[in-house]
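Structure first, then comments.
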Amino acid sequence: MAALDEPLKKILGGTTAKVLAEHLDLHTVGDLLHHYRAATPSAAS
């Protein structure tokens, strides 16, 4: 299991991590989870 401060490069590979960093400013697992949660409609809607 990855820690929230784990670099995306280590988890996803350099190419994918570079695209996420350049276009969405995502650098860590925590950044990605926060972005995904913010972009997902809540179950209460």
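Taking interchain pairs and intrachain pairs at least six residues apart, which have beta carbon atoms under 9 angstrom, with the first residue in segment 28-41 and of a type in the set (S, T, Y) and the second modelled with pLDDT of 95 or more?
T28/A3; T28/L4; T28/D5; T28/E6; T28/P7; T28/L8
If you go through segment 20-32 one residue at a time, how many are farther than 18 Å from M1 by Cβ and under 11 Å from the mean Cα position of the chain (by Cα)? Lay out the reasoning, then the answer.
Keep residues of segment 20-32 that are farther than 18 Å from M1 by Cβ, which gives 20-27.
Pick out the ones that are also under 11 Å from the mean Cα position of the chain (by Cα) and you get 20-21, 24-27.
Total meeting the criteria: 6.
Against the definition (surrounded by 10 or more Cβ atoms within 10 Å (Cβ to Cβ), under 8 Å from the mean Cα position of the chain (by Cα) and at pLDDT below 95), how does H35 come out, yes or no?
Numbers: surrounded by 10 or more Cβ atoms within 10 Å (Cβ to Cβ): yes; under 8 Å from the mean Cα position of the chain (by Cα): yes; at pLDDT below 95: yes.
When the stated conditions are applied, H35 passes them.
The values are calculated or read from the model by the stated rules, or taken from the named source; none is laboratory data. This one's a predicted model, so the numbers in the text were calculated from it and none came from an experiment. Here the Cβ is made from the backbone with ideal geometry for all residues, glycine too, and neighbour counts use every protein chain on show.
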